[in-house]
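A.B. asks: Below are the structure tokens for one structure; questions will follow.
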Amino acid sequence: MSGKKTLLCLFISLTIIVLSGSAAGIASSIKAQSNPDRNLVLLLHSGLASCQNARVKYIIWTEDSSSQKEIENVLQSSGLLWNKAVLSDFANRTAYQYSAELEINQDQEGDVLNTYEVLNLRLSSRETKVYLEESVDQEIDIQRYFKMNIVSIIQQTDIPSLYALSGYTWGSGQGIKAGKDTINIQAVTRKSGDNGGRTVLALPALLEEV
């Protein structure tokens, strides 16, 4: 993960792949297979958030240059607006990151999870990883959120301004290695201040600092 985080900090170039539509587009153009991820409750449906809207970000990450055409062919079916970033570190290793962001309401959360599921089915491999982030502008009890989703807590961080949990829940993908542990879900909440706090849910984990 450390090499990836270094790559994320160093942008060589940024290009735009322009697509139109909404997050539901990929579900209509690519048939998803049944996946237990559908049982996961996202933030707006959890009953722990009082806000009406959330921001969603999809990230496709690969260090395999030969996979770009395959990835872009899949993304052209998604109905989302994607940014492509070519990243490099001091060891001259190159990675490719595709990201798409949108604002949703509670009724659209099902489409968000379905889109993530389809992207995982089509793209996830040893060389390519698919990430999902959902954020709301308020502090949420992420301990209760993990309990609701039957998540086993593996790691936690509690400092004055931030509380973070990483864990594993069955049926939400194989996850990634975090030291000796495997995690497939992470939540971070910034504690209340003048801005009312912020909470980010990430599958399988955050790629950047909150």
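A.B. asks: Take Val118 and decide whether it is farther than 13 Å from Leu201 by Cα, of a type in the set (A, V, I, L, M), touching a helix residue (DSSP H, G or I) at 6+ places or on another chain (Cβ under 6 Å) and in a helix (DSSP H, G or I). First the steps, then the outcome.
C.D. replies: Numbers: farther than 13 Å from Leu201 by Cα: yes; of a type in the set (A, V, I, L, M): yes; touching a helix residue (DSSP H, G or I) at 6+ places or on another chain (Cβ under 6 Å): yes; in a helix (DSSP H, G or I): yes.
It is true that Val118 is farther than 13 Å from Leu201 by Cα, of a type in the set (A, V, I, L, M), touching a helix residue (DSSP H, G or I) at 6+ places or on another chain (Cβ under 6 Å) and in a helix (DSSP H, G or I).
A.B. asks: Restricting the search to segment 38-62, which residues are hydroxyl-bearing (Ser, Thr, Tyr) and open to solvent by 20 Å² or more (accessible area, probe 1.4 Å)? So that I can check it myself, show each step before the final result.
C.D. replies: Of the residues in segment 38-62, the ones hydroxyl-bearing (Ser, Thr, Tyr) are 46, 50, 58, 62.
Across segment 38-62, the qualifying residue is only Ser50.
A.B. asks: What residue, of Leu102, Leu132, is open to solvent by 10 Å² or more (accessible area, probe 1.4 Å) and at pLDDT 95 or above?
C.D. replies: Leu102 is the lone residue from the list that is open to solvent by 10 Å² or more (accessible area, probe 1.4 Å) and at pLDDT 95 or above.
A.B. asks: Hey, any hits in segment 79-89 for a residue that's open to solvent by 70 Å² or more (accessible area, probe 1.4 Å) and within 20 Å of Gly175 (Cβ to Cβ)?
C.D. replies: First pass over segment 79-89, keeping only residues open to solvent by 70 Å² or more (accessible area, probe 1.4 Å): 81.
Then keep just the ones that are within 20 Å of Gly175 (Cβ to Cβ); that gives none.
Within segment 79-89 (the criterion being open to solvent by 70 Å² or more (accessible area, probe 1.4 Å) and within 20 Å of Gly175 (Cβ to Cβ)), the answer is no, since none of the residues qualifies.
A.B. asks: Could you list all residues from segment 135-152 that are open to solvent by 70 Å² or more (accessible area, probe 1.4 Å) and over 16 Å from Ala49 (Cβ atoms)?
C.D. replies: Correct list: Ile150, Ser152.
A.B. asks: Report whether or not Gln76 is modelled with pLDDT of 95 or more, open to solvent by 70 Å² or more (accessible area, probe 1.4 Å) and over 17 Å from the mean Cα position of the chain (by Cα).
C.D. replies: Numbers: modelled with pLDDT of 95 or more: no; open to solvent by 70 Å² or more (accessible area, probe 1.4 Å): yes; over 17 Å from the mean Cα position of the chain (by Cα): yes.
For Gln76, the condition - modelled with pLDDT of 95 or more, open to solvent by 70 Å² or more (accessible area, probe 1.4 Å) and over 17 Å from the mean Cα position of the chain (by Cα) - is not met.
A.B. asks: So, in segment 166-197, of the ones that are more than 25 Å from Asn114 (Cβ to Cβ) and not in a loop (DSSP other than H, G, I, E, B), which residue ends up least open to solvent (accessible area, probe 1.4 Å)?
C.D. replies: Top of the filtered list is Thr189.
The values are calculated or read from the model by the stated rules, or taken from the named source; none is laboratory data. If you're wondering where the values come from, they're calculated on a predicted model, not measured in any experiment. Because the Cβ atoms are built from the backbone with ideal geometry, glycine has one as well, and the counts that use them run over all protein chains shown. Just so you know, the surface numbers come from the protein's heavy atoms only, side chains and all, with ligands and any DNA or RNA stripped out. Shrake-Rupley method; radii C 1.70, N 1.55, O 1.52, S 1.80 Å.
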